[in-house]
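Colleague: Got a structure for you, written out below as structure tokens; questions coming shortly.
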Amino acid sequence: MKDTIRIGCGAGFSGDRFEPAVILAEKGQLDYLVLECLAERTIALAQQQKQINPELGYDPFLERRINSLLPFLARRKITLITNMGAANPLAAARKVKELCLKQGFNFKVAALTGDDVLSSITGNEKVIENNRTISESGILVSANAYLGIEGILEALAADADIIITGRVADPSLFLAPMVFEFGWTLAEQLGQGTVIGHLLECGGQLTGGYFMDVAGKQVSNPANLGFPIAEVSKNGTAVLTKVAGTGGSLNLRTVKEQLLYEVLNPHRYATPDVIADFTKVRLKELGKDEVLVTDGTGTEAGNLLKVSVGYKAYYLGEGEISYAGYDAVDRSKLAITILEERLKSDEVQEIRYDLIGLNSINEDKLNVRSFPYDVRLRVAAKCTSKAAAQRIGEEVEALYTNGPAGGGGCRKYCKEVIGIHSVFMEKDNVPFKVTLV
Amino acid sequence: MTKLYYLAHSRAGDKGNTSTLSLIPFNEEDYPLICEKVTVEKVREHLWSFLQGDIIRYELDNIKSLLFVCEEALSGGVTTSLSLDPHGKCLSSLLLEMEI
């Protein structure tokens, strides 16, 4: 067992930048690298992919990210933990194994499954958001329970080098290696570990991303934003830092913002592992880009797991068109009046009109004389059929020759929208499984 | 009167139809002032067109910061909203427009 470990976060969402993880793996002196790539809805969309092709349904950037990291994982002996398995951790693990062998590395790759609980949903579960039964939400396309650390611990104990999961509570991806290395069992320890995981899970959001502005909150070299590392000690204290020479800033301000990010109750931040308490956390700046985190705590978790359920919500229809010059706003409003009449339909459930704009038409961008110089009308609607949704954009396009003067640059868009509702499920009804490939 | 923007910073987060807005004074000495001036009522009044539901204000004395948890704030929820900014990421900037 080690006394301290270094954990880096190389991605905070599926579409995150690629370079920071490579820099972390190469220069971060890491023991563990975590890539958190699964937003609330991602897994529902991935599930639809899997239905089309049973070997897909994992993160679309899996191959690119893994390929760029493999040489460093080998050279620096770093264990990789990621939820890029999305709806299909097994297929993802097989793909990763194939990539490893292609590069000449015989890594042990583990897949964690069990989060997919769609077949256990009865339809009578109460939706947390609206208190109705889940069957009322619509046709269900996915249901994934937020797993905790147990499965990852089992994979670590089996000596896996790369662990691919589906839905796992984000902080658990980070807490698992701490518990594995330090043998933590107390709720206080799990609480502090969850605080550290929560701070790391969004990657660049801890180091100046989603933070910087041009007045009071400038960060250095923002284009090369570096991602965070936590050096965690067995006693639970952690020093947050980043690789020297990378861009961004890590200080009391950035850490406070991330500590409170997406927290619904700072006294009771519930994960499958623990109910963490953020209100005792103490932060101290130790030096440039170094912040000490201590005193996070917690109480024992309940026996319910949160389950994200994807359902077919509606068809989105969108259209946009621009008007410029003196009476741009008036002509946009005229266009809205016309559309309100033309788009009347039982198949349109809700419609929204936005007027966007400052200087998207004007070539002389710095010399805006009137305000606003131009306006872009955006129409968006929830529709019950694809045809009705397509008609939204079609009617906006028809404004070219059937609407106010000087409408230009029409664009239209249509897609089916998957909504997410949450329900609870007993932990005992969600068995997990670790498979080595 | 001064804009909150000059005294504090903020980050918006989202969970379903709930928006979380932190409010963190640049100087910790301003924390009591922020606590006194930026009440739940003031926030509701300032962001009236967004905040339809209950608002809870948490006072985190440990990091001298406030957290507003605002229900029914995201036009029905991140995954189904028609808004250009379904996560309500821009709400933090609008909060800082408040004059105190």
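The values are calculated or read from the model by the stated rules, or taken from the named source; none is laboratory data. Please read these numbers as outputs of a predicted model, since none were measured by experiment. Because the Cβ atoms are built from the backbone with ideal geometry, glycine has one as well, and the counts that use them run over all protein chains shown. With ligands, DNA and RNA removed, areas are computed over all heavy atoms of the protein, side chains included. Shrake-Rupley method; radii C 1.70, N 1.55, O 1.52, S 1.80 Å.
Colleague: Could you tell me the largest-minus-smallest coordinate of the C-alpha atoms of region A:4-302 on each of the three principal axes, in descending order and whole angstroms?
Modeller: 53, 50, 42 Å, listed from the longest principal axis down.
Colleague: Along the charge dipole of the protein assembly as shown, Cβ charges K/R +1 and D/E -1, which of B:SER49, A:LEU304, A:VAL291 sits furthest on the positive end?
Modeller: A:VAL291
Colleague: For the ranges A:375-381, A:191-197, what's the packing order if you count other beta-carbon atoms within 10 Å of each residue, average per peptide, and put the highest first?
Modeller: A:191-197, A:375-381
Colleague: Using +1 at the C-beta of Lys and Arg and -1 at the C-beta of Asp and Glu, which of A:GLY209, A:GLY419, A:LEU35 has the Cα lying farthest in the positive direction of the dipole of the protein assembly as shown?
Modeller: The listed residue farthest towards the positive side: A:LEU35.
Colleague: Taking every pair of Cα atoms in chain B, average 1/r, invert it to obtain the Kirkwood radius, and report Rg/Rh to two decimals.
Modeller: Ratio value, two decimals: 0.96.
Colleague: OK, next. Using Cα-Cα distances under 8 Å and only pairs 6 or more residues apart, what relative contact order does region A:313-419 have, in percent?
Modeller: Relative contact order here is 48 percent.
Colleague: Could you pull out which residues in region A:52-94 have an amide N less than 17 Å from a spot 7 Å beyond the Cα of A:PHE18, following the Cα-Cβ vector?
Modeller: Label zone hits: A:59-73, A:84.
Colleague: Let me ask something else. Note down the nm distance, to one decimal, between modelled labels 7 Å out along Cα→Cβ at A:ILE139 and at A:GLU416.
Modeller: The answer from the label model is 0.5 nm.
Colleague: Hey, what number do you get for chain B at 222 nm if only DSSP H runs of n ≥ 4 count, each worth -39500 (n - 2.57), divided across all residues, to the nearest 500?
Modeller: Computed ellipticity for chain B at 222 nm equals -4500 deg cm²/dmol.
Colleague: Sort out for me the Cα centre separation of region B:1-37 from region A:47-67, rounded to whole Å.
Modeller: Going from one Cα centre to the other spans 40 Å.
Colleague: Starting from the amide H of A:GLY208, placed 1.01 Å from N in the peptide plane, find each other amide H under 5 Å away whose residue is 5 or more places distant or on another chain.
Modeller: A:SER249
Colleague: What are the extents of the Cα atoms of the protein assembly as shown along their three principal axes, in Å, largest first?
Modeller: Cα spread of the protein assembly as shown along its principal axes, largest to smallest: 73, 57, 46 Å.
Colleague: For region A:280-437, restrict the atom set to alpha-carbon positions and state the Rg and Dmax in Å.
Modeller: Every Cα atom of region A:280-437 included, Rg and Dmax give 25.0, 66 Å.
Colleague: If you put +1 on each Lys and Arg Cβ and -1 on each Asp and Glu Cβ, how big is the dipole of region A:313-419 around its Cα centre, in Debye rounded to 20? Walk me through the numbers on the way to the answer.
Modeller: Values: 15 positive and 17 negative charges, 30 e Å.
Here the size comes out at about 140 debye.
Colleague: May I pose another question? At a 1.4 Å probe, what is the % contribution of carbon and sulfur to the accessible area of the protein assembly as shown?
Modeller: Details: 11660 of 23140 Å².
The value for the protein assembly as shown is 50 percent carbon and sulfur by accessible area.
Colleague: Averaged over B:78-91, how many beta carbons belonging to a partner chain fall within 10 Å of each residue's beta carbon?
Modeller: 4
Colleague: A follow-up question, please. With unit charges on the beta carbon (Lys/Arg positive, Asp/Glu negative), name the residue among A:ALA380, A:ASN429, A:GLY12 whose Cα is farthest towards the positive pole of the charge dipole of chain A.
Modeller: Value: A:GLY12.
Colleague: Could you rank the peptides A:44-50, B:15-21 by their average count of other C-beta atoms within 10 Å per residue, with the highest value first?
Modeller: Top to bottom by mean Cβ count within 10 Å: B:15-21, A:44-50.
Colleague: Given that compact globular proteins tend to follow 2.2 N^0.38 Å, what is the ratio of the alpha-carbon Rg of region A:62-127 to that value? Before the final figure, lay out the partial values.
Modeller: On the way: Rg = 15.6 Å, N = 66, 2.2 N^0.38 = 10.8 Å.
Scaled against compact globular proteins, the figure is 1.44.
Colleague: Further question: Test of understanding: what is the full-extension gain from A:LEU292 to A:ASN53, defined as 0.36 nm times their sequence separation minus their Cα-Cα distance?
Modeller: 81.4 nm
Colleague: Here's a follow-up. Accessible area per residue of the protein assembly as shown at 1.4 Å probe, in Å²?
Modeller: Per-residue value: 43 Å².
Colleague: Given Cα pairs under 8 Å that are at least 6 residues apart, what percent is the relative contact order of chain A?
Modeller: The value is 17 percent.
Colleague: A follow-up question, please. Between A:ALA328, A:ALA313, A:ALA389, where does the largest GNM mean-square fluctuation fall for chain A, given springs only between Cα atoms within less than 10 Å?
Modeller: A:ALA328
Colleague: Which residue, A:LEU173, A:LEU153, A:LEU316, tops the fluctuation ranking in a GNM of chain A built on C-alpha contacts under 10 Å?
Modeller: So, out of A:LEU173, A:LEU153, A:LEU316, the one fluctuating most is A:LEU316.
Colleague: Also: Highest GNM mean-square fluctuation, chain A, Cα pairs closer than 10 Å: which of A:GLY166, A:GLY298, A:GLY247?
Modeller: Evaluated over chain A, the most mobile residue of the options is A:GLY247.
Colleague: Here is a further query. Which peptide among A:109-120, A:223-234 comes first, and what is the full order, when sorted by highest mean count of other Cβ atoms within 10 Å? Display every interim value, and only then the final one.
Modeller: Numbers: A:109-120: 20.4, A:223-234: 22.1.
Per-residue Cβ counts within 10 Å, averaged per peptide and sorted highest first, yield A:223-234, A:109-120.
Colleague: Mind checking B:53-61 for the average number of partner chain beta-carbons within 10 Å of each residue's beta-carbon?
Modeller: Average neighbour count from other chains, rounded to a whole number: 3.
Colleague: Treating only the Cβ atoms of Lys and Arg (+1) and Asp and Glu (-1) as charged, compute the dipole magnitude of region A:4-302 about its Cα centre; round to the nearest 20 debye.
Modeller: Here region A:4-302 has a charge dipole of around 680 debye.
Colleague: Among bridges DSSP assigns within chain A, what percent are antiparallel (round to 5)?
Modeller: On the way: 70 of 87 bridges.
Percent antiparallel among DSSP bridges in chain A is about 80.
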